[in-house]
Amino acid sequence: MRLRKRVIPFVAALVLVVSACSQNTASQDNEKNKESIPASQQGDVPLVSNTIESILKTKPGKYSGDTYDRAMVEKELDQFPKDLNADEAFSRLVHLVGEDYQGFFREFNAFDTSYKVNMKQPGGVNAPNVKEHTLNVEILLDASGSMAGLVDGSTKMDLAKGAIKQFVSSMPEGTAVSLRVYGHKGSNSSKDKKVSCESSEVIYPHGPYEEDAFQKALGKVKPTGWTPLGLAIRSAKQDLSKHAGEGAENIVYVVSDGIETCGGDPVKEAKQLHGSDIKAVVNIIGFDVDNAGQKALKKVADAGGGSYQTVSSAGDLKSYFQDEYTRLFNEWFDWQAIGINDLSDQRGEKLQEVMDLYAVFYELKDTDYAHLLEALDYLEGKQMLNREVIKSVKEKIYERDKVVKEYYESQEQKLKGVIDQEYQKLKEAIETKGESMKEKYRR
């Protein structure tokens, strides 16, 4: 009797364990069997409506795109229940062979409508994002003793002063001007070389051109010492660093009649100035310079991203500055025309890309339409759906095709509108900036 009491609980526990194992095994078998059952028979299939929201939310069919296999599709269709209504049949067909509208419109809506405006304004400024353009002009005037030499009956210094004054007075409104001299202390004798080679000074501080103040500053300059050109360029870099930044165009003009005589390295200094964030351009006017001097000064100008010009007379010097003024003015004509042409080219490319998407969409839509009708015809031939259901499903396929077509066309028009709006906005920005700067130079 005691033995039986002990055995009963053990047997009961064993039954529970076996029962649990059997349930787990059955559950696993059911999952395996479910995996082997075609999608068309795995319970309810989510219904698909013909609203664009439903179409875009529905994932592509099992046999969509490159995975389409007519034989496999027909095997799946053979497993369709025979008592399906129109909504159920249509939804099963979409989940089986419907194309990937979701993926297509995700890429379509990510279309890049922005324009890459990489052109540079005169002076190297990105455009047209810069709201204001500031022109900073710094003149470096050689005050070495050799500038006392005569040309056309006047000293080179006096001729340089007159040409410089005429040039800066014609700069566009808003231009900031500064004047720095170098080699203006001591003398050009050996005993004064050290003091002269250490002399470089701003005599007209950075700011708008004021005729009386500028003339007064020029009047103080006398041709005196040696030629510390490297020091002057290095000092100009310090000057302009305070006034550089987005929208700033920085130009340095060096007026000199000779090469570095103080042991400096003007090529190195010009390269560093041009390559810095200031991005200044160094232009050099060689006034009555010999061949060796011309070659040396040209190397400095090249390193500074600018130009070198030799002048031999007062007329040449004035002509140079007049040509420079005209060049700056014409740069804005070129800048404006190039910018608008570039935008126009990009607009054409973007509209062509939209046309390419048009072809992709219609191929997708036509494939979707054809495969759905083909599958429905198969079901009709197998007499798996009654006539009324066939007719209703066919109408739903027609409606689906119409809905996506109308949606695409509306989105395409919106996309083209955004492309054109962005083009017009940037075109107007370039035109406004270009005309504004050209008007300043006309004054």
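The values are calculated or read from the model by the stated rules, or taken from the named source; none is laboratory data. Please read all numbers here as calculations on a predicted model, not as lab measurements. When we count neighbours, we look across all protein chains shown, and the Cβ atoms used for this are built from the backbone with ideal geometry, even at glycine. When the accessible area is computed, the model is the full protein with side chains, heavy atoms only, and any ligands, DNA or RNA have been set aside. Shrake-Rupley method; radii C 1.70, N 1.55, O 1.52, S 1.80 Å.
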### Query
trypsin sites (Lys or Arg not before Pro) within segment 218-256: which are DSSP loop residues with at most 16 other Cβ atoms inside 10 Å?
K220, K242
### Task
Figure the gain on full extension for F333 and E435 (residue separation times 0.36 nm, minus the Cα-Cα span) and round it to one decimal in nm.
35.9 nm
### Summary
Once D69 and E412 are pulled to full extension, the length gained, defined as 0.36 nm per residue separation minus their Cα-Cα distance, is 120.3 nm
#### Entry: Amide hydrogen neighbours beyond the local backbone of V151, cut-off 5 Å, H modeled
K156
### Message
If you filter segment 194-271 for GluC sites (Glu not before Pro), then keep DSSP loop positions with at most 13 other Cβ within 10 Å, what is left?
### Response
E210, E246
### Message
Just to be sure I understand the model, the point goes 7 Å from the Cα along the line to the Cβ. What's the resulting Q102 to Q352 distance in nm?
### Response
3.4
### Query
For D366 and K425, what is the calculated FRET efficiency with R₀ set at 30 Å and r taken between the beta-carbons, to the nearest 0.05?
0.25
#### Entry: Cα-based Kirkwood hydrodynamic radius, segment 349-425, one decimal, Å
14.7
## Note on the structure
With a 1.4 angstrom probe the carbon and sulfur portion of accessible area for segment 229-340, in percent, totals 48
### Task
Can you work out the accessible area per residue across segment 281-417, with the rest of the protein chains kept in place, probe 1.4 Å, in square angstrom?
51
### Summary
In this structure, among K298/K433; K318/K425; K193/K220; K237/K427, pairs with alpha-carbon gaps over 31 Å are K298/K433; K318/K425; K237/K427
### Query
Which aspartates and glutamates, on any chain, are close to K116 with Cα under 14 Å apart, when same-chain ones fewer than 8 places away are left out?
D342, D345, E349, E422
